[in-house]
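Since the structure comes first, as structure tokens, the remarks are kept for the end.
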Amino acid sequence: MLNAQGIAWFGAGEIIAMNSDSTLEASVAHANSQWLGSPGHKAIIVSTRYNYVGVGLAIDDGGHNIWTAVYLDGPDRTGAEAQVRTPTVAAGTSGATKHVTVTWTGADVPLQVRTSGLHHFQVQQRVDSGAWTMVLASTTAKTATLDLARGHTYRFRVAARDVAGNWGAWSSTKTTLPPSVGSVIIPAR
């Protein structure tokens, strides 16, 4: 099945349970009890060699709930995570620009096995309502100090890539400016 779907894998385990419980909650509890009560099924569930699991439910024509879980040892497919912090404006900067320091954090999402590790970040900025532009295209740094013109709103976002080439999502860029997005308003003098 995995090969037919083109999924790269190094090891896999499958567990199946069937019951006729009338509610989803009861059916889940019953399937879990069946799996944990079977030494072979339980060995797959508690194994530390798998890094992904997929669970599915089918209901046959007779009303039986058929639960299947596939555990997989495969290459890292998860993107790294990054979060930008609120930028800080240097005190006492005079002239048409201000020194602004942008900082961020990030890591590769830890898996049970085969976590690739963080490779680098991309940092972008947006001035007022303009387009996003690249500040740093490929950096392992976690801070940048920029000279920014007064009288504009700046927003920053960061994305991270792991060693396997998986990109994480950009930090949020909502107009409400949640904590994962930094925004600095530098007033005109």
Seminar exercise, completed: Checked against (1) small (G, A, S); (2) assigned to a loop (DSSP other than H, G, I, E, B); (3) in contact with a Phe, Trp or Tyr (Cβ under 9 Å, 6 or more places away or on another chain), S138 satisfies every condition except (2)
Seminar exercise, completed: Scanning segment 5-55 for residues that are within 18 Å of D73 (Cα to Cα), part of a strand (DSSP E or B) and not hydrophobic (A, V, I, L, M, F, W, C) gives G11, G13, E14, Y52, G54
Seminar exercise, completed: S38 meets each of (1) open to solvent by less than 60 Å² (accessible area, probe 1.4 Å); (2) within 26 Å of V158 (Cα to Cα); (3) among the polar types (S, T, N, Q) with one exception, condition (2)
Exercise. Which of the residues that make up segment 1-32 are of a type in the set (S, T, N, Q) and either closer than 14 Å to A69 by Cα or surrounded by 15 or more Cβ atoms within 10 Å (Cβ to Cβ) (or both)?
Worked result: N19, S27, N32
Problem set entry | Hits in segment 141-163 - residues which are open to solvent by less than 60 Å² (accessible area, probe 1.4 Å), in a loop (DSSP other than H, G, I, E, B) and touching a Ser or Thr at 6+ places or on another chain (Cβ under 9 Å) | R150
For this session: Evaluate the following for V100: is it out of contact with any helix residue (DSSP H, G or I) (no Cβ under 7 Å at 6 or more places or on another chain) and under 30 Å from H152 (Cβ atoms)?
Result: yes
Problem set entry | Exclusive hit being over 26 Å from V113 (Cα atoms) and in contact with a strand residue (DSSP E or B) (Cβ under 6 Å, 6 or more places away or on another chain), set I66, I15 | I66
Exercise. I15 passes all but one of (1) β-branched (V, I, T); (2) farther than 29 Å from V163 by Cα; (3) in contact with a Leu (Cβ under 9 Å, 6 or more places away or on another chain); which number fails?
Worked result: (3)
Problem set entry | T97 vs. criteria within 30 Å of A149 (Cα to Cα) and either out of contact with any Gly (no Cβ under 7 Å at 6 or more places or on another chain) or aromatic (F, W, Y) (or both) | yes
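The values are calculated or read from the model by the stated rules, or taken from the named source; none is laboratory data. The shown structure was predicted, so the numbers you read here are calculated from the model rather than taken from an experiment. For neighbour counting, all protein chains shown are included, and Cβ atoms are generated from backbone atoms with ideal geometry for every residue, glycine included. Only protein heavy atoms, including side chains, enter the accessible area calculation; ligands, DNA and RNA are left aside. Shrake-Rupley method; radii C 1.70, N 1.55, O 1.52, S 1.80 Å.
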